[in-house]
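**Student:** After the structure tokens below, expect a handful of questions from me.
The values are calculated or read from the model by the stated rules, or taken from the named source; none is laboratory data. Values in this document were obtained by computation on a predicted structure and should not be read as measured data. As a convention, Cβ positions derive from the backbone with ideal geometry for all residues, glycine included, and neighbour counts pool all protein chains shown.
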Ligand code: C2O
Ligand code: CU
Ligand code: CU
């Protein structure tokens, strides 16, 4: 795609693209309105949050129906995919110890299934089982038992059928799961921001990804927050808001900033810092989530995704969907009034386990590479782990139940790969040979291009068979996934 149209689609500020812009009533901050002002066009649309479904008395039972759906995205009528008619799907709010029951009805024309990303639940039977296929037109009853000590935080759900994942997620199939804090953290307001990207053609359809896009990982022309383009958030000075942010993009990294506002990071994924950290910037690889406190200072701030260089697809002239240079405005945060509130201190969070002090039973290395040949149409590069592509009938890694392992993750390619392991979170102990001092528990861990990351994992609480994979979902669909069995 020529660069100019990509920029137009992103800015949505130029006169020429007004017809594809939001609703029609958007107002322009600048009289001239072709000045490239980004916040102008989509302003005036308050952030809308997905429907919320909460557990009561330890149970939440929901029906999730996937379907091709006509939805309004970025002010346009679009043919997307949805859970229960919305993009994102409903937010599921549960507590540790709850039972979550989901009847997945697959109204798509392709097979699908469901994954509860990041939840520490069994990978077997009708729990978070990656080997279930729900055929088009049929349904499946999932049941997830959250342990009584399940970590609080923000998680999410999405389809996980190998070969269909990127397309179905890109189409709009994602939703958030919130596990409440046992000890509430006082905030004036809670918000959920599910960030995703999408490409729409002139007729409101989502075009298929090219082989090149699949190689580098597709990135959409539009970056959305809860399916909206640059929505407005309003607060009063001195208020504290709790923001839960999900990176539901197929391949896009989000280097987030909200300049002029105080950001206190509680944690990434299921991890929690014992003392919340003041930050300027948060990097979310695809699949990562942030749990954040924002304390409002009077003024208008733009939540932005800054450019992030995730490399290039080895030697190819065109980077496919790569958008390394882009900076994208995501939302406008307007804080009014004078600051007065004094916020109660954030309670210290429970001490996190530190696997650096524990005995390692097994060490292994996983090598992430973009090899030649194979899956992506012959002469293209194909993503591999330890030289192999995903094979549903092969167990790649067998671990001992109740053991601690250390994995050296080596990326020999010129693209970053975010590794995701189901069921058991990873503690990052070393990045590019440098020890990591903070306690960092994540379920998606970035391995920068031509670099290494070292993690430790405790294979506890659940045994069974599941997967690890690159969370650039095009890479996962094209083979960068392995099967792990804990026995
Ligand atoms: Cu978010 Cu295996 O996936
Ligand atoms: Cu997952
Ligand atoms: Cu990858």
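**Student:** Residue check, residue 163 against (1) surrounded by fewer than 20 Cβ atoms within 10 Å (Cβ to Cβ); (2) under 26 Å from residue 441 (Cβ atoms); (3) in the same structural domain as residue 122 (by TED's automatic domain parsing), all met but one. Which one?
**Tutor:** (2)
**Student:** Moving to a separate point now. May I ask you to verify whether residue 382 is modelled with pLDDT under 95, within 16 Å of ligand 3 (Cβ to nearest atom) and over 20 Å from the mean Cα position of the chain (by Cα)?
**Tutor:** yes
**Student:** Filtering the range 448-474 down to residues that are part of a loop (DSSP other than H, G, I, E, B) and touching a strand residue (DSSP E or B) at 6+ places or on another chain (Cβ under 8 Å), which residue is nearest to ligand 1 (Cβ to nearest atom)? Walk me through it before giving the result.
**Tutor:** Initial filter on the range 448-474 (part of a loop (DSSP other than H, G, I, E, B)): 448-450, 460-463, 471-472.
From the residues that got through so far, the ones that are touching a strand residue (DSSP E or B) at 6+ places or on another chain (Cβ under 8 Å) too are 448-450, 462-463, 471-472.
On the way: 448: 20, 449: 21, 450: 24, 462: 15, 463: 18, 471: 6, 472: 11 Å.
Out of the qualifying residues, it is 471.
**Student:** Give the residue, chosen from 203, 216, that is surrounded by 22 or more Cβ atoms within 10 Å (Cβ to Cβ), assigned by TED's automatic domain parsing to the domain that holds residue 264 and farther than 27 Å from residue 91 by Cα.
**Tutor:** Only one candidate passes the filter, namely 216.
**Student:** Residues that are assigned to a strand (DSSP E or B), in contact with a strand residue (DSSP E or B) (Cβ under 9 Å, 6 or more places away or on another chain) and at pLDDT below 95: does the range 210-218 have at least one?
**Tutor:** No.
**Student:** Test residue 439 against the stated conditions and say whether it is crowded, with 23+ Cβ neighbours inside 10 Å and more than 16 Å from ligand 1 (Cβ to nearest atom).
**Tutor:** Here the answer is no, as residue 439 does not meet what is asked.
**Student:** Now for a separate question. From the set of residues in the range 475-487 that are within 13 Å of ligand 3 (Cβ to nearest atom) and assigned to a loop (DSSP other than H, G, I, E, B), which is farthest from residue 403 (Cα to Cα)?
**Tutor:** Only one residue tops the list, namely 478.
**Student:** Now for a different question. Name the single residue that is surrounded by the most Cβ atoms within 10 Å (Cβ to Cβ) among those in the range 130-160 being in a strand (DSSP E or B) and touching a residue at least 60 places away in the same chain (Cβ under 8 Å).
**Tutor:** Ranking the qualifying residues of the range 130-160, first place goes to 157.
**Student:** Follow-up. Identify, by number, the condition in (1) within 15 Å of ligand 2 (Cβ to nearest atom); (2) under 19 Å from the mean Cα position of the chain (by Cα); (3) within 19 Å of residue 475 (Cα to Cα) that residue 197 doesn't meet.
**Tutor:** Failed condition: (1).
**Student:** In the range 475-487, which residues are away from ligand 1 (no atom under 13 Å from the Cβ) and more than 16 Å from residue 120 (Cβ to Cβ)?
**Tutor:** Within the range 475-487, 478, 479, 485, 487 qualify.
**Student:** How many of the residues in the range 405-428 are surrounded by fewer than 19 Cβ atoms within 10 Å (Cβ to Cβ) and in contact with a helix residue (DSSP H, G or I) (Cβ under 6 Å, 6 or more places away or on another chain)?
**Tutor:** Restricting attention to the range 405-428, the residues satisfying the condition of being surrounded by fewer than 19 Cβ atoms within 10 Å (Cβ to Cβ) are 408, 410, 412, 414.
Still in the list and also in contact with a helix residue (DSSP H, G or I) (Cβ under 6 Å, 6 or more places away or on another chain): none.
Counting residues in the range 405-428 that are surrounded by fewer than 19 Cβ atoms within 10 Å (Cβ to Cβ) and in contact with a helix residue (DSSP H, G or I) (Cβ under 6 Å, 6 or more places away or on another chain) gives 0.
**Student:** Okay, next question. Regarding residue 393, is this residue part of a loop (DSSP other than H, G, I, E, B), away from ligand 2 (no atom under 16 Å from the Cβ), surrounded by fewer than 18 Cβ atoms within 10 Å (Cβ to Cβ) and modelled with pLDDT of 95 or more?
**Tutor:** yes
**Student:** Search the range 82-129 for residues being part of a strand (DSSP E or B) and within 16 Å of ligand 1 (Cβ to nearest atom), and hand back the single one that is nearest to the chain's Cα centre (by Cα).
**Tutor:** Ranking the qualifying residues of the range 82-129, first place goes to 117.
**Student:** Sort out which residues of the range 233-288 are buried (at least 24 other Cβ atoms within 10 Å of the Cβ), within 16 Å of ligand 2 (Cβ to nearest atom) and either assigned by TED's automatic domain parsing to the domain that holds residue 476 or under 21 Å from residue 152 (Cβ atoms) (or both), and write them in order of number.
**Tutor:** 246, 247, 248, 268, 269, 284, 287, 288
**Student:** May I ask you to verify whether residue 387 is within 16 Å of residue 475 (Cβ to Cβ) and either more than 18 Å from the chain's Cα centre (by Cα) or more than 16 Å from ligand 2 (Cβ to nearest atom) (or both)?
**Tutor:** yes
**Student:** Consider residue 445 against the criteria (1) assigned to a strand (DSSP E or B); (2) within 16 Å of ligand 3 (Cβ to nearest atom); (3) in contact with a helix residue (DSSP H, G or I) (Cβ under 7 Å, 6 or more places away or on another chain): it satisfies all of them except one. Which criterion is unmet?
**Tutor:** The failed condition is (3).
**Student:** So residue 439 passes all but one of these: (1) within 16 Å of ligand 2 (Cβ to nearest atom); (2) under 22 Å from residue 363 (Cβ atoms); (3) in contact (Cβ under 8 Å) with a residue 60 or more places away in the chain. Which condition number does it fail?
**Tutor:** (1)
**Student:** Now for a separate question. Which of the residues spanning the range 338-357 are over 30 Å from the mean Cα position of the chain (by Cα) and either within 30 Å of residue 479 (Cα to Cα) or surrounded by 13 or more Cβ atoms within 10 Å (Cβ to Cβ) (or both)?
**Tutor:** 339, 341
**Student:** Within the range 400-440, how many residues are assigned to a loop (DSSP other than H, G, I, E, B), in contact with a strand residue (DSSP E or B) (Cβ under 9 Å, 6 or more places away or on another chain) and more than 14 Å from ligand 3 (Cβ to nearest atom)?
**Tutor:** 13
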